[in-house]
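Right, one structure below, let's go through it.
Every number here is computed from the coordinates shown, using simple stated rules; none is lab data. Predicted model only: the values in this text are computed from it and were never measured. All Cβ positions, even for glycine, are placed from backbone atoms using ideal geometry, and neighbour counts span all protein chains on display.
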Amino acid sequence: MIRRIVFAVPGALAQRTGGYLYAQRVVDGLRAMGCEVQVAELAGCFPQADEVARGAAEAALVAAPQGSVVVIDGLALPAFDRALVRATGRLPVLGFIHHPLALETGLSVGAAARLGAIEVALWSRLDGLICASPATAREVLAAGISSRRIAVAEPGVDVPPLDVDAGKERGDGPVRLLCVATVTPRKNHQMLVKALARVRSAGWRLDCVGSLDRDPATVASLRRSIDELGLADRIMLHGEQPDTWLAGVWQDADLFVLASDHEGYGMVYTEALAQGVPIVATRAGATPDTIPASACRLVPPRDVAALAGALDALISSGRQRQTLRDGARRARERLVPWPAAVRRWANALDRLGDRAPIGSGSGSGSESGSASGRWPGAGAPEPAGGAPEPVRGGPEPARVARPEGPGRMALGARLNAEHRR
């Protein structure tokens, strides 16, 4: 049973994005289970690592105590290019992969290809990879990583009690739309705003909650679009807000809306389901696996017309919204709470970390080994189950981006079958 973990993250762990929130819940959960968890908050720029980031990565591996397992958040991984070579064979080193970095919006094809090549090379040096979703695991498998070195551990969710009236459509006032996402290119608020400009009915209001500080240029462009399209009286950008404030907005929401170009899991979707709120989103990345069809309307990524059509139909029809709301409430009953999700993550850590490190000379860490320890209350080992999100970086989080055009890795049929839900 693995009881000592070093968790390396880019910048401060206490950042309000899906990826950081997932990591924080894992750290807290492991500590509650009696584990010693040391968090290494790395300085520097990510994911295009600078010398400060590389130095922080090397220091974190050198300081990791003997007998521990090191887990590197995927966004920090490029900073470990030198450190992993030097650390080979000393300790098991795992990656916590939310989604491939090259799938972020905004990178040129060349930059995305370079970042993707670096990332795949580093994956091959790791003793194992814990992926946030089956979709992310299929991307990793398609890059040539053995399925024996891949585990899936999806995030959990807090499921609050609902009021009796929460499952009923309100008959008065505008339709309340809610978007909870950091304003970055991959979340594509621009697409959402352009789609809403085409909706025939004026009877709606959109509340956008999420950081306005990570990408000032994207925020400025979004504000201009809102003003130019004459929607400033119906779209509010609230920035980051505390959980207590957000809880009230969730209660008022009629639809949750998000137009992401890619999602490695989409924790906010399970939050919407936990609140019994139906969803309109893009069919991007792990999204179709995360949201049941009975609770959502999905459209192709970057298809403004399709998103406008879905929003127009739902804003104008309380009956259609109620059908999806009923589906969201049914899906709510099948959500995995955080304690169970952390146990799954811990089982993945056991399976991948309790084996000889690659290059140690005491067995093949890439192709053999088994989990000998079990976590309290964990039950039988699970091959899959997964999480988060986000454009995340160091103290001033950096932006990463997605290639514009072909070149995405093909899906792995074998892992698709193993992890089908």
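The spacing between region 1-32 and region 283-342, judged by their C-alpha centroids, is 28 Å. Once the C-beta distance of residue 283 and residue 320 is scaled by a Förster radius of 22 Å, the resulting FRET efficiency is 0.75 to the nearest 0.05. Gap in Å between the Cα centre of region 48-77 and the Cα centre of region 192-253? Centre-to-centre distance over Cα atoms comes out at 37 Å.
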